[in-house]
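**Q** There's a structure below that I have some questions on.
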Amino acid sequence: MKGDKYLFSSGKVVLSDYNEYSIFNLCRGKYSRVIRTAVVTWIVIICAFFAVAGFVAKNMMTVLIGGIILLCLASFFVLLRRQVKTVCLKKRQYLYATHEVRFGKNGLIYSVLFDPEHNPYKQENTQDDFFYDDFYRIYETGGFFYLYLDKKSTIIVPKRNMMPADSMELRELLTKKLDKKFIRCI
């Protein structure tokens, strides 16, 4: 990958980025937002139907079923946010680190430069090279590129860390190099 012309992304990955990623990861794909919205909407409609039907029929069991389902749905989203915070607190030094990604014609170089002030375990700066064929999938959303090395390991690249022209050029490069492994979710 030496001698390549690079598209460059450099900056921090913050707590809200991990939150966006965890929500995206629940239902990733071309229609992820539509699917999530439809599922949550239908659950709320069904629960409201149970609650109204219970009140009309004066059946408290039906009202309780609707309320319990809504409570479970709300708990799911609260626990999801808490899980993201827990993961981020365990890996706090990554939040303060600078993530650099250099995209070349055959692959990318990913570097993590740790901030000495927020690195209690004195982790060494890292640098890894990846070829585009190494990736399981790469997704593009409105604000991010998610580079999946496998189904569980992901490199988060916020678009705010790139020049807008580089973001569009990267989309063209990934479309050409990855074909069906690159999915736009916009």
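Derivation of every value follows stated rules applied to the coordinates shown; laboratory data play no part. Since this is a predicted model, take the numbers as computed values, not measurements. Counting neighbours? That spans all protein chains shown, and the Cβs are built from the backbone with ideal geometry, glycine included.
**Q** Can you return the aspartates and glutamates within cross-link range of residue 177? Criterion is Cα-Cα under 14 Å, with same-chain partners fewer than 8 residues away left out.
**A** Qualifying aspartates and glutamates at Cα under 14 Å: 133, 134, 169.
**Q** Given a 10 angstrom Cα cut-off, can you work out which residue in 70, 149, 15 is the most mobile in a GNM of the chain?
**A** 70
**Q** Pairs of alpha-carbon atoms within less than 8 angstrom and 6+ residues apart define the contacts here; what relative contact order does the chain have, in percent?
**A** 26
**Q** Relative contact order for the range 60-145 using alpha-carbon pairs under 8 Å, separation at least 6, rounded to a whole percent?
**A** 18
**Q** While we're here: Which loop-located trypsin sites (Lys or Arg not before Pro) does the range 98-164 contain, where loop means any DSSP state but H, G, I, E or B and the Cβ has at most 14 other Cβ atoms within 10 Å?
**A** Within the range 98-164, the qualifying trypsin sites (Lys or Arg not before Pro) (loop, at most 14 other Cβ atoms within 10 Å) are 105, 122, 151, 152.
**Q** Separate question: Taking every DSSP beta bridge with both residues inside the chain, roughly what % is antiparallel (nearest 5)?
**A** Within the chain, antiparallel bridges account for around 90 percent of the total.
**Q** In addition: Can you give the calculated 222 nm mean residue ellipticity of the chain, where each DSSP H run of n ≥ 4 adds -39,500 (n - 2.57) and the sum is split over every residue, rounded to the nearest 500 deg cm²/dmol?
**A** -16000 deg cm²/dmol
**Q** Mind pulling up the Rg/Rh value for the chain? Radius of gyration and Kirkwood radius, both on Cα.
**A** That ratio equals 1.11.
**Q** Modelled label-to-label distance, residue 119 and residue 83, 7 Å Cα→beta-carbon offset: nm?
**A** If labels sit at residue 119 and residue 83, their model points lie 3.0 nm apart.
**Q** Connecting C-alpha atoms closer than 10 Å in a GNM of the chain, tell me which of 22, 75, 111 has the biggest fluctuation.
**A** 75
**Q** Assuming 0.36 nm per residue, please report the length gained on full extension of the stretch residue 165 to residue 68 beyond their Cα-Cα distance.
**A** 30.1 nm
**Q** How high is the FRET efficiency between residue 16 and residue 176 when r is their beta carbon distance and R₀ equals 25 Å, given to the nearest 0.05?
**A** 0.20
**Q** Another question, then. I need the GluC sites (Glu not before Pro) found in the range 113-186, filtered to DSSP loop residues with at most 14 other beta carbons within 10 Å of theirs.
**A** In loop regions of the range 113-186 (DSSP not H, G, I, E or B), the sparsely surrounded GluC sites (Glu not before Pro) are 124.
**Q** List the relative contact order of the range 32-90 as a percent without decimals, with contacts defined as Cα pairs under 8 Å and 6+ residues apart.
**A** The value is 25 percent.
**Q** Would you mind getting the Kirkwood hydrodynamic radius of the range 32-90 from its Cα pairs, rounded to one decimal in Å?
**A** 12.9
**Q** Starting from the Cα of residue 38, step 7 Å along the direction of its Cβ; do the same at residue 136; then give the gap between the two resulting points in nm.
**A** 2.4
**Q** If you don't mind, another one. Select from the range 46-137 those chymotrypsin sites (Phe, Trp or Tyr not before Pro) which occupy a DSSP coil region and have at most 11 other Cβ atoms within 10 Å, ordered by residue number.
**A** When the chymotrypsin sites (Phe, Trp or Tyr not before Pro) of the range 46-137 are filtered for loop state and at most 11 Cβ neighbours within 10 Å, 121 remain.
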